[in-house]
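Presented below is the structure to which this report refers.
Since every read-out is calculated from the coordinates, none of them should be taken as a lab result. Computed from a predicted structure; not experimentally measured. Neighbour counts run over all protein chains shown; Cβ positions are idealised from the backbone, glycine included.
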Amino acid sequence: MNAECFESVTLKESKMSSTDEDKKFVSHAVAFVIGHTRNGSMVPLCASIATMLKLENESLKQQVTKLQSQLHSQASKGFNCDLDSDLQKQFNLLLQFKSNRKKHKHKSYKALKGCLCDSCEKSLDESAIRPPLKKGDKVVISGEISGTVCYIGHVDKLSFPEIFVGLHLDEAVGDCNGSIEEKIYFETPPGYGMFAPLWSICCLIENEM
């Protein structure tokens, strides 16, 4: 029996048992109403009805929980293995894609003068690119944060081979002190350092003489 058939049969059985319980509930309710109105007492009547509703609610909860458990158990038998296999294949493809992308980036990048990343430090390429900024330049990023350039180059742990600018900010709104995972690219007091992508530099401020 497949999951759909199982679900259909289970629902039919549930509806039948629910109908019988409804009739039983109604007959009890009528009996309570007649009995308590004859005695002229409404408070016990309300309390009794509340108790019946509570019991009915608990019964419905148990039925729903049981039905969900049965459906989940039946569906798991037919689909779990295939699902796990598909997820594993997708995960392997993702790892392969990331690996190929990283290799491609390492092959296509050019060494950068003054860069402290592992690749540039080991590079013997004499035609290394000169960065468009230099240490000491005053810049503004994202139109609102200003700081002084302390480093420009690649960062091993941040989207290699994208070029980053290490800044000593004018205000303590940064997220580092110039280090990334124990590797020091530049030094600032805590909270005054930031690595910003080169493309985020929006203007260069002339240094006052």
### Summary
The long-range amide H neighbours of Ile163, using H built 1.01 Å from N in the peptide plane and a cut-off of under 5 Å, are Leu198
#### Entry: Over the range 140-209: Kirkwood hydrodynamic radius from C-alpha pairwise inverse distances, Å
12.2
#### Entry: Taking Ser146, Ser159 and counting other C-beta atoms within 10 Å, the order from fewest to most
Ser159, Ser146
#### Entry: Difference of contour (0.36 nm per residue) and Cα-Cα distance, Trp199 to Glu56
45.0 nm
### Query
So what J values fall out for the range 172-182 if you push phi through Karplus, 6.51 cos²θ - 1.76 cosθ + 1.60 with θ = phi - 60°, rounded to Hz, Gly and Pro as x?
7, 10, x, 10, 7, 10, x, 10, 10, 6, 6
#### Entry: Residue exposure sequence - Lys122, Lys66 - by fewest surrounding Cβ within 10 Å
Lys122, Lys66
